[in-house]
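S.K.: Structure incoming, see below.
The values are calculated or read from the model by the stated rules, or taken from the named source; none is laboratory data. Quick caveat: nothing in here was measured; it's all calculated off a predicted structure. Note that we place each Cβ from the backbone using ideal geometry, even for glycine, and neighbour counts take in every protein chain shown. To get the accessible areas, we keep the full protein, side chains included, count just its heavy atoms, and leave off ligands, DNA and RNA. Shrake-Rupley method; radii C 1.70, N 1.55, O 1.52, S 1.80 Å.
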Amino acid sequence: MCDFQTFTVDSDHTMNMEQQNAQGADHEEHPLLLQNHTDFTEVKNLGGDGGELTVPKFYAGKCVFVTGATGFMGKVLIEKLLRCCPDIEQIYCLVRPKNSQDVQKRLNELLDCKLFDRLRRERPDFDKHISPICGDILLPELGISDADKHFLEDNVHIVFHSAATVKFDETLRVATQMNVVAVQKMIALCKNFKHLEALVHVSTAYANCDRPHIEETIYTPPVEPQKIIDVLEWMDDEMVELFTKKLLREKPNTYTYTKQLAEWVLFTQGTGLPIAIVRPSIVGATWKEPFPGWIDNYNGPSGLYIATGKGILRSMKGESNAVADLVPVDIPINVMITVAWYTAVARPRQIMIYHTTTGNLNPFTWGQMENEVVRTYKQTPLDACFRRPKVVFTNNSYLHDYWLFVSHLVPAYVADLGYRLVGQKPRMVRIYRKLHRSLDTLSFFTCNSWSWANNNTEMLRHQLTQQDRKIFYFDPRHLHWPTYIEDYCLGAKKYLLNEDLAGLPAARAQIRKLRNIRYMFNTLIAVVLWRTLIARSQIARNVWYLIVSLVFKFVRYFRITSSM
């Protein structure tokens, strides 16, 4: 990808939205740095000393529209809004009918989640303030009926768009439809909203991962999004696959590529809308609220943690000193909520981008993460472990392939042979193949480090009152990584695997059993190799006899001295 130059839109030379749109149409080879330097001094202390413009009071009487509500971040966003902004009027969630379930049943299923237990205790009637809107981001006009569309146009004040596919190995066709075309549909919908105050789009900090340092900037993509959309309409799947490899260039997957395209669509087509973009890095389990360690998916590090705890993952390719930019989900959620507040109150004159990352302010490496995960699962093991938790982290491809063969494939085939002998269906080879595909998609992120500018995020934090900073915390410098990783691992055990902590004694006994089996196996291998060597070498036999005689002499001396 081209090495673009960056320029800043300053206070005295701020381009209006029409000029920005013309800039995008010409598709110049420049990114636009959308930092609102002027507005920072003009709107200082937005919260006010008396608290009249605090975040909860801003949301009082407001109607919020959320896409991606059934996803991980969507759930946490809804829970936080309902719990910390109690006077919010209504939250409308775009929900897709699924598996013969209507949208109300899906919403009820979402609200039955353990995540909402605290909210249920503090505010038993919270479900009256959340309503489903039937729709699908893959359908024309988001699949929203005319009646619902008119209702949203008349009532919605804040929009959070987080619906997307987060699969790294998604096809370009599907990724473009869900991450780019859906944004076009959202823009078209929001342009008819009569009371819109903020449209907050959730992107990713890795949208521009072909750069080592990433500014709070919308960078020009190498190809216009609409050209890609048009081409995908007539290409068959085989052509798309060949086209994808050439199109991605230095991007690792279709997810990061289409997320960059979506940002450009917002910039070029969102003229006149109060848009803000939040870019989280690798989103993990909750840090503090509503309780530590909650997680509901195997994406990102969650699946790796469980594979490590089960003893399945033994080798991972990556740079142990590279920064693992993991961010607890409550941090980007709090940023999203306060970004909507700031966008509505300060009314920045251009799109603002907010990075929610941890690497610059509180770095934590992949090697440190590996140690903490292994330590936690040795102290609090998972049930029915395959092997003891242990991971080799290496950036050497040949060494990694060796460990995959020795520590993954050989045990997998042996285990499947055992399953066949006892009449069970073999499964370990299939599990390892799936794991290896996941490792391949993650290796780009575990082998590299990035740095992100965070001027806008720091500015936002300073705009909040002291009380709002406590409620909507997002400063990662206070995060203690060993404690967080321990909570994360225990949360994966409890909420993903549904394992009861009462089963810990049995799990620990299983770990001891696996340790003893490992010791016996290693001893057997050592004896076999040594005996084979002795049978073929006179020198080895002499060394063996010398060691045995010394052992006997030591035992004899010990008996004599102990009897004196």
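S.K.: Scan segment 391-434 for residues that are open to solvent by 90 Å² or more (accessible area, probe 1.4 Å), of a type in the set (D, E, K, R) and more than 28 Å from the chain's Cα centre (by Cα) and report the count.
M.R.: Number of matching residues: 2.
S.K.: Given segment 228-334, what helices (runs of 4 or more DSSP H) lie entirely inside it while holding 1 or more residues that are touching a strand residue (DSSP E or B) at 6+ places or on another chain (Cβ under 8 Å)?
M.R.: The qualifying helices (runs of 4 or more DSSP H) are 254-269, 301-309.
S.K.: Given the conditions (1) open to solvent by less than 10 Å² (accessible area, probe 1.4 Å); (2) touching a helix residue (DSSP H, G or I) at 6+ places or on another chain (Cβ under 7 Å); (3) closer than 18 Å to T165 by Cβ, and given that T256 satisfies all but one, which numbered condition is not satisfied?
M.R.: Single failed check for T256: (2).
S.K.: Looking at V181 and the list (1) open to solvent by 10 Å² or more (accessible area, probe 1.4 Å); (2) farther than 13 Å from T258 by Cβ; (3) modelled with pLDDT of 95 or more, which single condition is not satisfied?
M.R.: Unmet for V181, out of (1) open to solvent by 10 Å² or more (accessible area, probe 1.4 Å); (2) farther than 13 Å from T258 by Cβ; (3) modelled with pLDDT of 95 or more: (2).
S.K.: Could you name every one of the helices (runs of 4 or more DSSP H) located completely within segment 474-564 that has at least 2 residues being open to solvent by 90 Å² or more (accessible area, probe 1.4 Å) and at pLDDT 80 or above?
M.R.: The helices (runs of 4 or more DSSP H) meeting that bar are 504-536, 538-563.
S.K.: A follow-up question, please. Tell me yes or no: at least one residue of segment 404-427 is touching a residue at least 24 places away in the same chain (Cβ under 8 Å), of a type in the set (A, V, I, L, M, F, W, C), more than 26 Å from N297 (Cβ to Cβ) and not assigned by the TED database to the domain that holds M352.
M.R.: yes
S.K.: What pairs can you find where one residue is in segment 148-165 and without any contact (Cβ under 8 Å) to a residue 24 or more places away in the chain, the other is open to solvent by less than 30 Å² (accessible area, probe 1.4 Å), and their Cβ atoms are less than 6 Å apart, with a gap of 6+ or different chains?
M.R.: What qualifies is D148/I133.
S.K.: Continuing with this model, one more query. For the condition open to solvent by 10 Å² or more (accessible area, probe 1.4 Å), under 17 Å from the mean Cα position of the chain (by Cα) and of a type in the set (G, A, S), what is the one hit in G300, G284?
M.R.: G300
S.K.: I'd like to check something: does segment 155-162 contain any residue that is hydrophobic (A, V, I, L, M, F, W, C), assigned to a loop (DSSP other than H, G, I, E, B) and more than 18 Å from T338 (Cα to Cα)?
M.R.: No, there is no match, as no residue in segment 155-162 is hydrophobic (A, V, I, L, M, F, W, C), assigned to a loop (DSSP other than H, G, I, E, B) and more than 18 Å from T338 (Cα to Cα).
S.K.: Follow-up. Kindly list the number of the only condition in (1) without any contact (Cβ under 8 Å) to a residue 12 or more places away in the chain; (2) among the basic types (K, R); (3) under 30 Å from D325 (Cα atoms) that fails for K227.
M.R.: K227 satisfies every listed condition except (3).
S.K.: Could you say whether any residue in segment 175-197 is of a type in the set (A, V, I, L, M, F, W, C) and in contact with a Lys or Arg (Cβ under 6 Å, 6 or more places away or on another chain)?
M.R.: Within segment 175-197, not a single residue is of a type in the set (A, V, I, L, M, F, W, C) and in contact with a Lys or Arg (Cβ under 6 Å, 6 or more places away or on another chain).
S.K.: Could you tell me how many of the residues in segment 254-300 are over 30 Å from K493 (Cβ atoms) and of a type in the set (D, E)?
M.R.: Residues that pass the stated criteria total 1.
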